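Novice: Sending over a structure as structure tokens; questions will come in a sec.
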Amino acid sequence: MLPDQSDQSDSQQTSPDDLRGLEVFNTSTPPKNTSTPPKNTSTPPKNTSTPPKNTSTPPKNTSTLPNSLSSEIQFGSRPPPTRQRLLIMSDCSKLDKVKTFLQSYITTDPKERVKYYDVWAEKYEEDMSVAAYSAPTLAVNCLLSNFPGSREAALVLDVACGSGLVSKLMSELGFRHFVGVDGSKGMLEQAAKTGLYQDLRLALLGTQPLPAQADMFDVVIMVGALRIGFAPVSVVRELCHATKPGGLVCMTRIDYTESGYDYKADLERELQLMEEEGLWTRIDTEETDKYMLDVYTDNVKHGIYRAGRVYLYKKSLR
Ligand SMILES: C[S@@+](CC[C@H](N)C(=O)[O-])C[C@H]1O[C@@H](n2cnc3c(N)ncnc32)[C@H](O)[C@@H]1O
């Protein structure tokens, strides 16, 4: 059950006006129109019940489809493909493209990483939807189950905001004030198009400091960027630093061991250490075995997912 929205938070709410004092790091893409309400997401899905006109012709070039799924579309003497089968085919072919794209960009260098996000930015959301990326939803659900304050008044720092998926979800649930940070200019340009952010800041975390004032944000959320070659573990201290006393920090991590480096172990050591130092308290963690399809390897052909975790911390009152 979701908590009620009455203001029982022991964190102080920040008015958007308080943001004026913030230093803005190289903000090359300010939001175009921050007053635009989020897009109407209530549009009903298109009618999928109408059969396609030409169902008798099998698609050409099915050889690039992932094996497990392409077996679905070896028609042979079976009846012609249904609408559903055609949808599966188009998803397979998209998934294959996403896999090929991501596998061509394996890097442990965050500078290189954000360059490929620049290239990917325009298609990022579509591709991640094909990859069944669930981290933003998991994180926002976990946050909401534990957020006691006024959503409308809360100031949210969306770190590694990408194209704005997390803030879009949060805005649909009543949050109104967002500041975004990302290392990719291309992704920030996409985020600006949402019209949700009152400020967008370009910073390569780990190399540059998190561009956020201390003790400022009611919620700091970082989804999809705690991983080798993305943001280093040290960034979690900066997330805590930017949060108001009593405010919440929500983070996700995908299960992935690359180049023999156990990011998960390092991250969990740091989170624990910060708790022992009295900086924050863990209030929730959620495991998922379906963080996203494993598009980074050929596992995706077998419909195998990567697992992951959501962490939620409350900053100490001092
Ligand atoms: C998987 S996307 C997640 C975006 C968004 N939070 C979401 O869930 O859709 C990872 C994002 O982290 C950003 N990123 C990766 N490493 C970074 C770093 N060191 N500093 C800043 N941003 C980084 C990328 O540019 C990209 O936008």
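The values are calculated or read from the model by the stated rules, or taken from the named source; none is laboratory data. Everything numeric in this text was worked out from a predicted model, so none of it was measured. As a convention, Cβ positions derive from the backbone with ideal geometry for all residues, glycine included, and neighbour counts pool all protein chains shown. Note: areas computed on protein heavy atoms with side chains; ligands, DNA, RNA excluded. Shrake-Rupley method; radii C 1.70, N 1.55, O 1.52, S 1.80 Å.
Novice: Accessible surface of Ser234 in the full protein assembly, 1.4 angstrom probe, to the nearest 10 Å²?
Specialist: Answer for Ser234: close to 70 Å² accessible.
Novice: Next up: Which one of Gly278, Gly186, Leu312 is farthest out on the positive end of the charge dipole of the range 108-315, using unit charges on Cβ (Lys, Arg +1; Asp, Glu -1) and the Cα centre as origin?
Specialist: The one lying farthest along the dipole's positive direction is Gly186.
Novice: Using only the Cα atoms of the range 205-318, build the gyration tensor, take square roots of its eigenvalues as a ≥ b ≥ c, and label the shape rounded, prolate or oblate: rounded if a/c is under 1.5, else prolate if a/b is larger than b/c, else oblate.
Specialist: Verdict is prolate for the range 205-318.
Novice: Next question. Using a 1.4 angstrom probe on the protein heavy atoms only, line up Leu248, Leu317 by accessible area, largest first.
Specialist: Order by accessible area, largest first: Leu317, Leu248.
Novice: From the phi of every residue in the range 191-200, what ³J(HN,Hα) in whole Hz does the Karplus formula 6.51 cos²θ - 1.76 cosθ + 1.60 yield, where θ is phi - 60° and glycine or proline is x?
Specialist: Going residue by residue, I get 4, 4, 5, 5, x, 8, 8, 7, 7, 10 Hz, with x marking Gly and Pro.
Novice: Could you order Thr137, Thr194 by accessible surface area, starting with the largest, using a probe radius of 1.4 Å?
Specialist: Highest to lowest solvent-accessible surface, that is Thr137, Thr194.
Novice: Moving to a separate point now. For the range 237-318, state which GluC sites (Glu not before Pro) are in a DSSP loop and have at most 16 other beta carbons lying within 10 Å of their beta carbon.
Specialist: Loop-located and lightly packed - Glu277.
Novice: Around Thr288, with a cut-off of 12 angstrom between Cβ atoms, what is the net charge of the other residues, counting Lys and Arg +1 and Asp and Glu -1?
Specialist: Residues close to Thr288 contribute a combined charge of 0.
Novice: Sorted by accessible area (1.4 Å probe), largest first, how do Lys123, Lys315 line up?
Specialist: Lys123, Lys315
Novice: Next question. Could you give the accessible area per residue of the range 108-315, probe 1.4 Å, as a whole number in Å²?
Specialist: I get 35 Å² per residue for the range 108-315.
Novice: Could you tell me what percent of the DSSP beta bridges with both partners in the range 108-315 are antiparallel, to the nearest 5?
Specialist: So the antiparallel bridges in the range 108-315 amount to around 45 percent.
Novice: Please give the net charge around Lys244, taking every other residue with its beta carbon less than 9 angstrom from that of Lys244, where Lys and Arg add +1 and Asp and Glu add -1.
Specialist: The answer is -1.
Novice: Related question: Between Ala154 and residues 5 or more places away or on another chain, which pairs have amide H atoms under 5 Å apart, with H built 1.01 Å from N, and which residues are they?
Specialist: Arg176
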